[in-house]
Amino acid sequence: MSDFHERMHAAGIYGLWELASKMTKHPEPRAIAHMWPSALLEAMVREAGEAVPIGEERRALQLFNPGLEGQWATTNTMIAAIQLLLPGEVARAHRHTPTAIRFIMEGEGAYTSVDGERVYMAPGDLILTPSWAWHDHGNATDKPVVWMDGLDVPLIQALNAMFFQMYDQEKFPLTKPDNASAALHGHVSLSPTWVKERPRSSPLLLYSWAQTWRSLAGLRDADADPHDGIALEYTHPQTGRALLPTMACWIQMIRPGARLRAHRHTGSAVYYVVQGAGETIIDGCRFAWGRGDVITLPSWALHEHANTSTHDAAILFSIQDRPVLEALGLFREEALTEGEGHQAVTSTFKVT
Ligand code: GTQ
Ligand code: FE2
């Protein structure tokens, strides 16, 4: 390096000519495609239940992307975690600026309390915790409850907008009837006219599996999307748009034997396999999945899903940061045209 360059760097100055390679032709995420198989997650959850008391923090296993070197992140913008609450336990009340979703994996009858409203959980339910809402979780049943958390933590950190507070009591006081938001906002295409607030996050806190399943089942013969199959986005009941300012949630059904076409888009995703068995090819690598597996997809990675069963539907739940990309005019999508829309498989993902 020339003397000039050394002095320049020491002064906190770099030449654009030194950084040309950083202006990449297309996104080159450090996050990689990765899968956490259900057997591994279940074993870790069981051990966490034995080894870790509930204490001040939640008993949530945070899924770190191996490409992000110890960063608290599953993708560049989102963290996914598996949380366990044992019978009789309460996860203490707190709030934070990151927005959270929960997708219930196992157990019925535990609750999350969000700003004074208790929302009761059943498998397949989606529950929201908007930014800065007080929340605590409780399990008064006699069985463990397990769910997947999704939060926009890495995005909030990148924006230097992280705030966190513990509440001074174990539980936040209840001020509303149980499932009040479902009674008010949980009507298909019918919105309460007297509610004037238009919160950025959906005011409906619970999207029940019963309702989600009815919608999927009603569309099981739909030709739907060549890349995403029978993909439904959970929506904000007042705006019809994404549930949350920073995250969208999707549920998608892939019909028996269906092999969807490959595409790529900006924005990252984390998938949870709700049921069925199949495979996703991500940038040429085959990820064979089954119920309970968690898979992460980086931005701009070519991906295609297939249901490898000829009898049973496969269902994927996902969180996506697409609303952020869309709000900023950065969402781009591209279909693979070669190979009739299918990638050549060059490797297979193996658990290390
Ligand atoms: O349950 O409130 O996985 O605050 C990470 C942060 C869960 C929660 C996580 C949280 C929570
Ligand atoms: Fe929280």
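The values are calculated or read from the model by the stated rules, or taken from the named source; none is laboratory data. Predicted model, so just to flag it, every value in this text is computed and none were measured. Every residue, glycine as well, gets a Cβ built from its backbone with ideal geometry; the counts of neighbours run over all protein chains shown. Accessible surface is based on the protein model in full, side chains and every heavy atom, while ligands, DNA and RNA are left aside. Shrake-Rupley method; radii C 1.70, N 1.55, O 1.52, S 1.80 Å.
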- When only Cα pairs under 8 Å and 6 or more residues apart are kept, what is the percent relative contact order across segment 1-146? 20
- Among rounded, prolate and oblate, which fits segment 1-147 when a ≥ b ≥ c are the square roots of the eigenvalues of its C-alpha gyration tensor, a/c under 1.5 means rounded, and a/b larger than b/c means prolate? prolate
- Item | Stretchable slack from Glu50 to Lys25, in nm (0.36 nm times residue separation minus alpha-carbon distance) | 4.1 nm
- When only DSSP loop residues count, what trypsin sites (Lys or Arg not before Pro) in segment 1-76 have their Cβ near at most 13 other Cβ atoms within 10 Å? Lys25, Arg30
- Please tell me the relative contact order of segment 239-346 in percent, rounded to the nearest whole number, where contacts are Cα pairs under 8 Å and at least six residues apart. 41
- Assuming R0 = 41 Å, can you tell me the calculated FRET efficiency for the pair Met162 and His311, based on Cβ-Cβ distance, to the nearest 0.05? 0.30
- Under a point spin-label approximation (7 Å from Cα along Cα-to-Cβ), what is the Leu190-Leu174 distance to one decimal in nm? 2.6
- Task: Starting from the eigenvalues of the Cα gyration tensor, five times each then square-rooted, give me the equivalent ellipsoid semi-axes of segment 9-89, largest first, whole Å.
- Result: 39, 16, 9
- Separation between the Gln71 and Glu6 pseudo-spin-labels, each 7 Å from Cα along Cα→Cβ, expressed in nm? 3.2
- Calculate, for the chain, the solvent-accessible area per residue in square angstrom, rolling a 1.4 angstrom probe over the heavy atoms of the protein chains. 49
- Note on the structure: Largest fluctuation, Val188, Val114, Val145 only, Gaussian network model of the chain with Cα springs under 10 angstrom, belongs to Val188
- Query: How much net charge surrounds Arg92 when only other residues with a Cβ under 9 Å from its Cβ are counted (Lys, Arg +1; Asp, Glu -1)?
  - Reply: -2
- Within-10-Å neighbourhood charge of Gln83 [Cβ basis; K, R +1; D, E -1]: +2
- If the convex hull of the alpha-carbon atoms of the chain is projected onto planes in all directions, what is the mean projected area in square nanometres? 21.7
- Query: When Lys and Arg each count +1 and Asp and Glu each count -1, what net charge do the other residues less than 13 Å away from Leu63, Cβ to Cβ, add up to?
  - Reply: -2
- Query: Taking the C-alpha atoms of segment 52-127, how large are the radius of gyration and the largest Cα-Cα span, Dmax, in Å?
  - Reply: 13.6, 39
- Cleavage-rule hits (trypsin sites (Lys or Arg not before Pro)) in segment 250-352: DSSP loop, at most 15 neighbouring Cβ within 10 angstrom: Arg291, Arg332, Lys350
- What do the square roots of 5 times the Cα gyration tensor eigenvalues come to for segment 272-352, in whole Å, largest first, as semi-axes of the equivalent ellipsoid? 23, 17, 13
- Query: How much FRET efficiency would the formula 1/(1 + (r/R0)^6) give for Ser215 and Ala277, where r is the Cβ-Cβ distance and R0 is 22 Å, rounded to 0.05?
  - Reply: 0.50
- Note on the structure: Given a Förster distance of 41 Å, the FRET efficiency implied by the Cβ-Cβ spacing of Ala122 and Tyr14, rounded to the nearest 0.05, works out to 0.15
- Query: From the residues Trp289, Asn307, Gly339, which one has its Cα farthest along the dipole of segment 284-347 in the positive direction, the dipole being from +1 and -1 charges on Cβ of Lys/Arg and Asp/Glu about the Cα centre?
  - Reply: Trp289
- Query: Over the alpha carbons of segment 180-272, what is the largest minus smallest coordinate on each principal axis, giving the biggest first in Å?
  - Reply: 46, 30, 20
- Task: State, to one decimal in nm², a quarter of the convex hull surface area for the C-alpha atoms of segment 196-338, i.e. the direction-averaged projected area.
- Result: 9.0
- Note on the structure: With a 1.4 angstrom probe the carbon and sulfur portion of accessible area for segment 181-274, in percent, totals 53
- Task: Kindly rank 209-218, 274-283 from highest to lowest mean number of other beta carbons found within 10 Å of each residue.
- Result: 274-283, 209-218
